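Have a look at the structure below before the remarks.
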Amino acid sequence: MFTGIIEDLGVVARPGKSLLEIKVPARMRRLPIGASLSVNGACLTVSKKKGGRLFFYLLKETRLRTNLARLGAGERVNLERPLKWKGRVGGHFVPGHVDGTGRVLEIKTTRSEKSFLIRPPADTRRFIREKGSIALNGVSLTVGKVRAGAFWAHAVPLTLARTNLGDLRVRDRVNLEADRPAKSVPKKRKNLV
């Protein structure tokens with residue numbers, strides 16, 4: 001279980017369809033083999049370590065539902081270690097079970113924020129509610145305005161500086177994980193994407 005508050009950024013050292021190699025900062029290097037780590041919001045298992053790099057196997061389900069198999073060398077990824085028992089929760093509960101990828105349709109930038117219009121996959125839309133929580137590449141955000149087939153999410157400069165959301169461009173794919181409580185509420189027509 002994660003919070004959506006990103007701790008560090010890693011860099012894809014070698015992309016791969018089934019094995020992902022990421023160069024990680026010093027504190028992430030201490031993770032043992034078998035540890036869980038959120039990579040762009042997907043809970044992955046550390047399968048191998050070598051120097052300052054961690055290796056993760058990408059299962060078929062992970063390749064289908066996330067952007068991880070599409071990443072290129074040099075791309076930055078968001079990293080977060082799991083919650084500690086009885087620790088503070090600064091974002092929202094994010095299990096790391098990505099629902100699917102959304103496409104960035106539009107980006108608006110002001111001095112105080114960057115806003116992203118995202119089109120989620122059809123089977124995820126029913127879980128996205130205005131003012132609900134959503135994780136974009138593992139980053140905990142609040143859903144802004146919704147419109148037919150898309151929703152807005154907004155990030156402040158600090159979030160943009162500490163995550164890979166500032167790297168996003170129109171047409172990029174982002175990992176989406178809807179708020180868990182929204183998944184347990186029956187579908188209503190109002191306030192849904």
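Readers should treat all values here as calculations from the given coordinates under stated rules, not as data from a laboratory. Keep in mind that what you see is a predicted model, and the values were worked out from it rather than measured. Here Cβ is always computed from backbone atoms with ideal geometry, including for glycine, and neighbour counts include all displayed protein chains.
Which residue is surrounded by the most Cβ atoms within 10 Å (Cβ to Cβ), if the candidates are limited to the stretch 135-159 and must be part of a loop (DSSP other than H, G, I, E, B) and among the hydrophobic types (A, V, I, L, M, F, W, C)? Please lay out each step first, then the result.
Residues of the stretch 135-159 part of a loop (DSSP other than H, G, I, E, B): 137-138, 148-149, 156.
Keeping just the survivors that are among the hydrophobic types (A, V, I, L, M, F, W, C) gives 148, 156.
Working: Ala148: 7, Val156: 11.
Here the answer is Val156.
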Legend entry - Scope the stretch 101-118; condition surrounded by fewer than 19 Cβ atoms within 10 Å (Cβ to Cβ) and farther than 17 Å from Thr159 by Cβ; matching residues: Arg103, Leu105, Glu106
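Mind telling me which of the residues Gly34, Gly4 ends up being over 18 Å from the mean Cα position of the chain (by Cα), not in a strand (DSSP E or B) and not aliphatic (A, V, I, L, M)?
Details: Gly4 fails: over 18 Å from the mean Cα position of the chain (by Cα).
One residue alone meets the criteria, Gly34.
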Inset, instruction - Quick one: which residue in Ala73, Ala122 is hydrophobic (A, V, I, L, M, F, W, C) and without any contact (Cβ under 8 Å) to a residue 24 or more places away in the chain? - result: Ala122
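Test Lys49 against the stated conditions and say whether it is free of Cβ contacts under 8 Å to residues at least 40 places away in the same chain, part of a loop (DSSP other than H, G, I, E, B) and either surrounded by fewer than 19 Cβ atoms within 10 Å (Cβ to Cβ) or in contact with a Phe, Trp or Tyr (Cβ under 9 Å, 6 or more places away or on another chain) (or both). Before you say what the answer is, go through the steps one by one.
Details: free of Cβ contacts under 8 Å to residues at least 40 places away in the same chain: yes; part of a loop (DSSP other than H, G, I, E, B): no; either surrounded by fewer than 19 Cβ atoms within 10 Å (Cβ to Cβ) or in contact with a Phe, Trp or Tyr (Cβ under 9 Å, 6 or more places away or on another chain) (or both): yes.
No; evaluated as a whole, the condition is false for this residue.
Return the only residue of Leu31, Leu37, Leu20, Leu58 being touching a residue at least 40 places away in the same chain (Cβ under 8 Å) and in contact with a Pro (Cβ under 9 Å, 6 or more places away or on another chain). Step through it out loud before you land on a result.
On the way: Leu31 fails: in contact with a Pro (Cβ under 9 Å, 6 or more places away or on another chain); Leu20 fails: in contact with a Pro (Cβ under 9 Å, 6 or more places away or on another chain); Leu58 fails: in contact with a Pro (Cβ under 9 Å, 6 or more places away or on another chain).
When all the criteria are applied, what remains is Leu37.
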